[in-house]
Amino acid sequence: MTATLRVVIDQASAQSFSDQATAGLETARALIRMAPDGCEVAAIVPSGEADLTTLVPGLSGVRVASLARRELLAAWQLGVAPSIGGGFIHSTTLAAPLVRHDRVNDGDQSVVTLWDLRAWEAASEVARTAVTWNRGMLKRAVKHADAIVVPTFAHAARLDEEWSFGDRVRVVAGAAPSGFREPTDADARARDLVLPERYVVTDATTAPSDGLGKALAAVSGQAGDDLAVLIIGVPADQEAAVRELASAAGVPERHLQVRPELDAADRAVVLARSELLISTLTRTAWPWRVVEALALGVPVVALDTPAHREVIADGGVLAEERDLADAVAEVLADTERYGVLSDDRGRAYSWDSSAERIWQLHAEL
């Protein structure tokens, strides 16, 4: 008898370069590659989503819900699971039909994933509707999820402090996009992006939990005629505010470049050609750009937080805020050595190994 794991993929048609949308597709592909004998992978998608047959080859089937994404997520928040059914359900976000079910007698399973605690730790940075949905879905997960997957033990500790999940919390790390490296047209992309000859990268918005001011203060003393600061992932409506932050931190306008969200190929070019990545994320979240930098062997300097400490380990330099500038200077003085450390640590993360752990989780359930 074949066991089917149905993966909720609710953001395949996302217009932005959403990290969680990418994670959903990468997880589904890896689950197919790593499926045990007698197991297969199907998908659950909202009405109107992209055709998954090309995005995720090898799916045994696609169950299209009767509702479009916005309406489906609202229904799930209310505990309504229209036209979905039971079985083994795995979601790479909190989006799932979390309702009462019988795991023991009927074999139904519901597992969800939580990548970021911004809706709880920095709610003022998130739209009220998003905060309400995330908090509502986590409450449903407390009641009905058979397990909740988080990417770090730092996440698990926070959940243990605030919510009653007990031994249902499982840690499964994320990874960089499969094949994340400079593309064959990297030189042309670099010209189109007008990259400086030498630069450091940070990925942030003006949201306080991104810590952009801390990053800019740490690199302002290093920025000079031969070293620029490049900030990626900046929404268009925040560019002026980001430039003001940089000016206040002492980064001259001529040494600053601000870029919007980039696709994976452009990010690979930007990161691979940088001197280092600095991450000052303060909330409990999976540090996507840090993991991409590690995958490319790019030196990393990060604020010393539980999540950074766990993800980076000895693959980069961790520092308190007051010591970040010294850490940046230390790494800039020996980028070759710190690049080797980064590359070694980057080998710890892959979607295939994450998929193996997910299959193991469902087998244990």
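The values are calculated or read from the model by the stated rules, or taken from the named source; none is laboratory data. Everything numeric here is computed off the predicted structure, so don't read it as measured data. Don't worry about glycine lacking a Cβ; one is built from the backbone with ideal geometry, like all the others, and counts go over all protein chains shown.
Considering the stretch 186-224, and only residues there that are charged (D, E, K, R) and touching a residue at least 24 places away in the same chain (Cβ under 8 Å), the residue that is nearest to R345 (Cα to Cα) turns out to be D203. Yes or no: the stretch 71-87 includes at least one residue that is modelled with pLDDT of 90 or more, assigned to a strand (DSSP E or B) and among the aromatic types (F, W, Y). No, that holds for no residue.
Could you figure out which of (1) charged (D, E, K, R); (2) assigned by TED's automatic domain parsing to the domain that holds E253; (3) farther than 15 Å from I232 by Cβ isn't true of D210? The single condition D210 does not satisfy is (3). Just give me the residues in the stretch 151-184 being without any contact (Cβ under 8 Å) to a residue 40 or more places away in the chain, charged (D, E, K, R) and either surrounded by fewer than 15 Cβ atoms within 10 Å (Cβ to Cβ) or within 25 Å of G297 (Cβ to Cβ) (or both), in sequence order. Once the filter is applied, which keeps residues that are without any contact (Cβ under 8 Å) to a residue 40 or more places away in the chain, charged (D, E, K, R) and either surrounded by fewer than 15 Cβ atoms within 10 Å (Cβ to Cβ) or within 25 Å of G297 (Cβ to Cβ) (or both), the stretch 151-184 yields D160, E161, D167. Picking from residues in the stretch 1-53 that are more than 21 Å from the chain's Cα centre (by Cα) and of a type in the set (S, T, N, Q), the one that is nearest to A96 (Cα to Cα) is S47.
A single member of T4, T22 is in contact (Cβ under 8 Å) with a residue 24 or more places away in the chain and buried (at least 18 other Cβ atoms within 10 Å of the Cβ), and it is T22.
Hey, any hits in the stretch 150-170 for a residue that's aliphatic (A, V, I, L, M), part of a helix (DSSP H, G or I) and within 17 Å of the chain's Cα centre (by Cα)?
Let us first name the residues in the stretch 150-170 that are aliphatic (A, V, I, L, M), namely 150, 154, 156-157, 159, 169.
Subset that is part of a helix (DSSP H, G or I): 154, 156-157, 159.
So of that shortlist, the ones also within 17 Å of the chain's Cα centre (by Cα) come out as 154, 156.
Yes, that holds for at least one residue.
Can you confirm whether V142 is in contact with a Phe, Trp or Tyr (Cβ under 8 Å, 6 or more places away or on another chain), without any contact (Cβ under 8 Å) to a residue 40 or more places away in the chain and more than 18 Å from V300 (Cβ to Cβ)? For V142, the condition - in contact with a Phe, Trp or Tyr (Cβ under 8 Å, 6 or more places away or on another chain), without any contact (Cβ under 8 Å) to a residue 40 or more places away in the chain and more than 18 Å from V300 (Cβ to Cβ) - is met.
Here is a check on your reading of the model: is A240 aliphatic (A, V, I, L, M), in a strand (DSSP E or B) and within 25 Å of D192 (Cα to Cα)?
Taking the combined requirement at face value, the residue does not satisfy it.
Test V64 against the criterion of being aliphatic (A, V, I, L, M), closer than 30 Å to A157 by Cβ, at pLDDT below 95 and surrounded by fewer than 19 Cβ atoms within 10 Å (Cβ to Cβ), and give yes or no. Against the criterion (aliphatic (A, V, I, L, M), closer than 30 Å to A157 by Cβ, at pLDDT below 95 and surrounded by fewer than 19 Cβ atoms within 10 Å (Cβ to Cβ)), V64 does not qualify. In the stretch 174-181 there is no residue matching the filter, namely being farther than 30 Å from A265 by Cα, not small (G, A, S) and not in a strand (DSSP E or B).
Residues of the stretch 315-355 that are surrounded by 14 or more Cβ atoms within 10 Å (Cβ to Cβ) and among the basic types (K, R): R345 alone.
Between V219, V229, V251, the distinction of being outside any loop (DSSP other than H, G, I, E, B), modelled with pLDDT under 95 and not hydroxyl-bearing (S, T, Y) belongs to V219 only. State whether one or more residues within the stretch 196-213 are charged (D, E, K, R), surrounded by 20 or more Cβ atoms within 10 Å (Cβ to Cβ) and not in a strand (DSSP E or B). Yes, the stretch 196-213 contains a residue that is charged (D, E, K, R), surrounded by 20 or more Cβ atoms within 10 Å (Cβ to Cβ) and not in a strand (DSSP E or B).
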